[in-house]
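Notes to accompany the following structure.
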Amino acid sequence: MAKLTEQDILSWNGPEDDYMNADHLAFFRERLLEMKAELLANATQTSQHLQEQEATPDPADRATLEEEYALELRTRDRERKLLQKIDSTVRKIDAGEYGFCEDTGEPIGLARLLARPTASLSLEAQERRERLKKQFAD
């Protein structure tokens, strides 16, 4: 099993029945695990940063620090949600369900998965959901 590169994935034009073969699955599994490791490192860094918080007597400085911490915590919350999605996606790889649209069952497409490895919908299905969401939100 050869280790694929991003360029190999983009230039792949094999038969349809070879979509999401073992090499593709290994590539995306590795990419997802790298994303997860990076997010966990960010969380550790944030935790250490928050523990080093210094008391500032100036109210303006304190407000600035609190705003920075709040922004950092919101970012980490988004990353926490992404971690859950990454874990779910790795389980899909293990189950052999990765790369196929949850709505239609059609291939999501390698280019889309490169851009967003946690994608669970094809581009068309995602656009359709967004249109419906916008319609019913108004």
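The values are calculated or read from the model by the stated rules, or taken from the named source; none is laboratory data. No experiment lies behind these values; they were computed from the predicted model shown. Glycine gets a Cβ as well: all are built from the backbone with ideal geometry, and neighbour counts include every protein chain shown. Just the protein is used for accessible areas: all its heavy atoms, side chains included, with ligands, DNA and RNA removed. Shrake-Rupley method; radii C 1.70, N 1.55, O 1.52, S 1.80 Å.
Subtracting the Cα-Cα distance from 0.36 nm times the residue separation, let me have the gained length for Glu72 to Lys3 in nm, one decimal.
Contour length minus the Cα-Cα distance gives 21.3 nm.
Summing Lys and Arg as +1 and Asp and Glu as -1 over all other residues whose Cβ lies under 13 Å from the Cβ of Arg78 gives a net charge of +2.
Computed in the context of the full set of protein chains, the accessible area of the chain at 1.4 Å probe radius has 50% of its extent on carbon or sulfur. Helix 59-95 against the longest principal axis of the chain: what's the angle in degrees, Cα atoms only, rounded to the nearest 10? Between the helix axis and the principal axis of the chain, the angle is about 20 degrees. Each Cα pair under 8 Å and six or more residues apart adds its sequence gap; the mean of these over the residue count of the chain is a relative contact order of 24 percent. Fully extending the segment from Thr64 to Glu16, taken as 0.36 nm per residue of separation minus the present Cα-Cα distance, adds 11.8 nm.
Would you work out the charge dipole size for the stretch 65-128 about its Cα centre, treating the Cβ of every Lys and Arg as +1 and the Cβ of every Asp and Glu as -1, and quote it to the nearest 20 debye?
About 140 debye.
In this rough spin-label picture, where each label sits 7 Å from Cα along the Cβ direction, the Lys81-Leu114 distance is 2.8 nm.
Each residue was assigned an accessible area with a 1.4 Å probe, and for Leu82 the value is about 50 Å².
Normalised by residue count, the chain yields a Cα convex hull volume of 151 Å³ per residue.
Which net charge results for the neighbourhood of Ala125, defined as the other residues with beta-carbon distances under 9 angstrom from its beta-carbon, given Lys and Arg at +1 and Asp and Glu at -1? That works out to -3.
Where the only charges are on Cβ atoms (+1 Lys, Arg; -1 Asp, Glu), what is the dipole of the chain about its Cα centre, to the nearest 20 debye? List each step's numbers first, then the result.
Details: 20 positive and 29 negative charges, 77 e Å.
The dipole of the chain has a size of about 380 debye.
Tell me what the chain gives for mean residue ellipticity at 222 nm when only DSSP H runs of n ≥ 4 count, each as -39,500 (n - 2.57), the sum divided by the residue total, rounded to 500 deg cm²/dmol.
Details: 5 runs with 94 residues, N = 138.
It lands at -23000 deg cm²/dmol.
Shape annotation for the stretch 80-138: C-alpha extents along the principal axes are 39, 28, 19 Å, from largest to smallest.
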